[in-house]
1. Apply the Karplus parameterisation 6.51 cos²θ - 1.76 cosθ + 1.60, with θ equal to phi minus 60°, to every residue of the stretch 466-471 and state each ³J(HN,Hα) to the nearest whole Hz, in sequence, with x for glycine and proline.
2. List the residues, sorted by chain then number, that are 5 or more residues from Ile206 or on another chain and whose placed amide H is less than 5 Å from its amide H.
3. Going by a ≥ b ≥ c, the root eigenvalues of the Cα gyration tensor, does the stretch 517-573 fall in the rounded group (a/c under 1.5), the prolate group (a/b larger than b/c) or the oblate group?
4. For the stretch 332-431, what is Rg from Cα atoms divided by 2.2 N^0.38 Å, rounded to two decimals?
5. Quick one: if the Förster radius is 22 Å, what FRET efficiency do Asn553 and Asp321 give, using the C-beta to C-beta distance and rounding to 0.05?
6. Quick one: accessible surface of Arg422, probe radius 1.4 Å, all protein chains present, in square angstrom to the nearest 10.
7. For Pro401, what charge total do you get from the other residues with a beta carbon under 13 Å from its beta carbon, if Lys and Arg give +1 and Asp and Glu give -1?
8. How large is ³J(HN,Hα), in whole Hz, for each residue of the stretch 358-368 in order, when computed from phi with the Karplus curve 6.51 cos²θ - 1.76 cosθ + 1.60 and θ = phi - 60°, using x for Gly and Pro?
Amino acid sequence: MRKLFLIALCVLALAVISEDSQAKERYAVLVGVSRYQYLDKSLQLNGPPKDVQLLREYLTNVEGFPDDRVICLIDNGNTDKEAEPKYADIRAALKNLQDKLTTGDFALLYFSGHGSQQPDQPDSDEESDGYDEIFLPANVKGWNKGKQAVENAIIDDEIGEFISAYRSKGVDVWVIFDSCSSGTMTRGVGDESTRTRKVSPEDLGILDESGDKRALRSKGHGDADTSAFTDSSTDSSESNLGALIQFFAARADEETIERLLPRGAKVSEQDTLGLFTHSLVSVLSRFPDVSYDALAQMIIAEYASSSYTRSRPQFYGTNMDQRVFGGESIHNLAFRATLDTESKLLTAEQAGKLRGFDKGAIVSIHPNAADTSMIGTGVVTKATLTESTIDPDWKEGATIPKYDWQPVHIRLVQPAYTPTVRISEVETIRDADNRRLRDIIDALEKDNIPLVEFSAFDPDADYFAAFFDDRFWLLRPDQTLPCSVQVITEEQRLKCERERRERTRIPEPLFWSAPDDAHTLVSRAARARNLVKLQSFSNVPSSLKLKVEIERNARRFSLTEQKGLLKAGDKVYVSASNESQDAWDIFFFYVDSNLGITPMQDYGKSARVQSKKRIDIEVGTVNDRTVGAESLVIIADPARDGKQANYHFLAQKGYEKIALRGKGNRQSSQKSPLQLIMEGIWEGDKNASSRGIDAAQNKGSQAHVKVFTWRVER
């Protein structure tokens, strides 16, 4: 079976229906602002109109939203039917929507562009932190001292009033903000295409009482956002209010970014998109039937998988257990495909990246849309947003179409994915150090470290390698070199030092080793990263429900309620509910921010969940010895009476960030156990099979993977 490769740009599912029945009517207002008439040239954006265009295409072409119920306000590529995203236009669109909505409808509100903050009005006590979050329309101006407000900015309270009006009619509302309200312009190593979606209060000329410009500092997005958009803790099932789901790209004291996406794709296949929107797209392309809570957890894991940790998306809602897209599943949709009689390839005109049919994906082939029997399988060899080309592998004896007017139908069986970790070099100010780095990487390439690729410069790499202070360093994409060794001007260096001094969060230390131990560091980093990246291939069946809960001060919360942020003393629990007829064996691995992979059960043991039973497992108590992104990787196997799977070979000690002595534990160029299990998962059979080392080598039984990710802070 062919290896699979991921190009992550697919579908954004943006409709909500109640748990009992589909929404009567579905509406959307999509706002994307990139051009700001009165702001500095450096604050202009590229991605928001493209975010909106992608959403509109999905809503109308895939989900069946009527064109006249998807209102787009963008400032780049408008048609006669679209309005500009100016202050009055946005308010008018929200008011027109209010007039149309009736009980049982669904409304999506999506905002992509710059955000910021301004002081709360003197006579208002609604904001617990004293500041209003604001979204910046295309005609936003600076601080108006007389009005004590940013002119033409949309205040969170205004949006909250519209949402309250919608919900009072019994309308379910999902509001999404791919913007941030504060932060500093910073870029990760090797990532000059990245731009933050923020305008600082200082950029808007906001003055304090003395008349000086000031930069506002917030306590965080959480309380402000929730109170501004009405109380999302209200249980809408106990009133006539519609549901409210709120997704934010970042807290108020953080930044979110736009950049060329998808990472790793050819430049011709990339476009500038918001990272948060792209993460929604990537997750929902693979799991269109998840709940809001599961979607939130997967987005957190997606951020960890992409190594971006400067912002922590925020999620709130009255019905977080409700499924996105509600009642009718779109998971098993069949799509028409026709045969090219010359190339012998199939073309599916309605099954492209927007539906998850990306290059390397595996499909099943059926005689018609209603028939579940297979007449073959295929792999996607080429894909656009709306169309894919499939190389078929027909079953022996199957009736194969001979002409292009004899269609077949395809279903997505397995999404595309690659487990390879890419490491790229980044230069410092000293040529001698750069030559030393090249020598180390040349030696590492000769070692053939499993599942690792090196490049001279790749802005989409998983890690960046550098050499200075006689040490070999690995950095994540959102980390930067010390200011003193960056290849920048003196003016840029002074700004870099100033921003580092003003940073309020404790920076996560960089990984480093002695030159002779670079192999050990790279191997451990690759093993930990690949295990976490399995979240992109999460394939736990719906009959096995896994949920992570956090206990703090004798109270339990879902991981989403804690915003994926844990502190020392928090207890982590996993509940596993088995609704199938068969038992499951479950294995837990804790991946800490020091690259450690620790089994949560005795050697060779699993937690067995019998049919129609639920178990609660205490995973452990969080400590702050490691700070940063951490994950719980769960591998589930169908239980059998024979030999139980043993995945303990995945374990490894954490890296201590100090120069190791001696040569370290060098691996051979033979395939590692991790590589074997990963190849077993992707290549063993179409049900993602593997069972420990023996089964991985023999391409054995069915293993399923799920990843939960959080951050630990002091």
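1. 9, 9, 6, 6, 6, 10
2. Placed amide hydrogens put Trp143, Arg214 under 5 Å from Ile206.
3. Oblate.
4. 1.38
5. 0.40
6. 50
7. Residues near Pro401 contribute +1 overall.
8. Once θ is set to phi - 60°, the couplings for the stretch 358-368 become 10, 4, x, 5, 9, 10, 9, 10, 10, x, 7 Hz.
The values are calculated or read from the model by the stated rules, or taken from the named source; none is laboratory data. It should be emphasised that the depicted structure is a prediction, and the values quoted were computed from it without experimental measurement. Every residue, glycine among them, receives a Cβ derived from its backbone with ideal geometry; neighbour counts consider all protein chains shown. What goes into the accessible areas is simple: the full protein's heavy atoms, side chains included, and nothing from ligands, DNA or RNA. Shrake-Rupley method; radii C 1.70, N 1.55, O 1.52, S 1.80 Å.
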